[in-house]
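Before any comments, here is the structure.
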């Protein structure tokens, strides 16, 4: 391998490492963070020890086979990531394009020190914009207590909407127990019904753009007859990581026959 290809590998590996380390330092820890760190570290090690690796590759026929299969496997995985990302792109409506709905459900996305993380704040801002356009809709926030926190996501979300957008707490439906998208929707259903919302009516599901496709599938399974996805933007700092995390979440759903 000449200097230039090794240098390119080192640069790509460094970028991957940085894409994982930056959000990791910010307190994010999930597969979308860990995988880039591992790939980046492996790439840097390979670029550094290239000659030794090549001696190992030619030492035994099965070494060469392992080498080829490894690169083929990586290529297939990268293609599968690109394909799944293409399925996620463009899902969801802007608030201005949403037809009349009976309710607006904002899915949780993580809190820190009693405040919404940036992705969750963007979901709440998007939901507030939709609520201003459709004041007749019941607004529901949903999420339990995150690791290391003392308040539920539901309470933190409601307080943010009240403080930042002037929405009265008494007007909000607040779910405080759920720990997953499945539970977000399952536990919010009876609370909406208690407020007179019929699940056969159109209901807006507000979540981050990358998450909407899976969230809408889950909403259908949970009995929401007409869920309408409303897309909130993803913070640029963690966009690559959360889209990669969603890849693993979708793959897991398919493996478990949930998709």
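Here, each number is a calculation from the coordinates, and none is a lab measurement. No experiment lies behind these values; they were computed from the predicted model shown. When we count neighbours, we look across all protein chains shown, and the Cβ atoms used for this are built from the backbone with ideal geometry, even at glycine.
Using only the Cα atoms of the range 39-148, build the gyration tensor, take square roots of its eigenvalues as a ≥ b ≥ c, and label the shape rounded, prolate or oblate: rounded if a/c is under 1.5, else prolate if a/b is larger than b/c, else oblate. Taking the square roots of the gyration eigenvalues as a ≥ b ≥ c, the range 39-148 is prolate. The angle separating the long axis of helix 3-25 from the principal Cα axis of greatest extent in the chain is about 30 degrees. From the Cα gyration tensor of the range 95-236, with a ≥ b ≥ c the square roots of its eigenvalues, which class applies: rounded if a/c is under 1.5, or else prolate if a/b is larger than b/c, or else oblate? Note, shape of the range 95-236 comes out rounded.
Is the range 153-253 best put as rounded, prolate or oblate by its Cα gyration tensor, with a ≥ b ≥ c the root eigenvalues, rounded for a/c under 1.5, and otherwise prolate when a/b is larger than b/c, oblate when not? Oblate is the answer for the range 153-253, as a/c is 1.5 or above yet b/c matches or exceeds a/b. Against the longest principal axis of the chain, how steep is helix 31-48, in degrees 0 to 90 to the nearest 10, with axes from Cα atoms? Helix 31-48 sits roughly 20 degrees off the main axis of the chain.
Put in order of Cβ neighbour count within 10 Å, fewest first, the listed residues 125, 198 become 198, 125. So how tilted is helix 181-194 from the main axis of the chain? Cα-based, degrees 0 to 90, rounded to 10. Roughly 0 degrees, rounded to the nearest 10.
Across the chain, the relative contact order, built from alpha-carbon pairs under 8 Å that are at least six residues apart, equals 21 percent. For the chain, the share of DSSP beta bridges that are antiparallel, to the nearest 5, is 10%.
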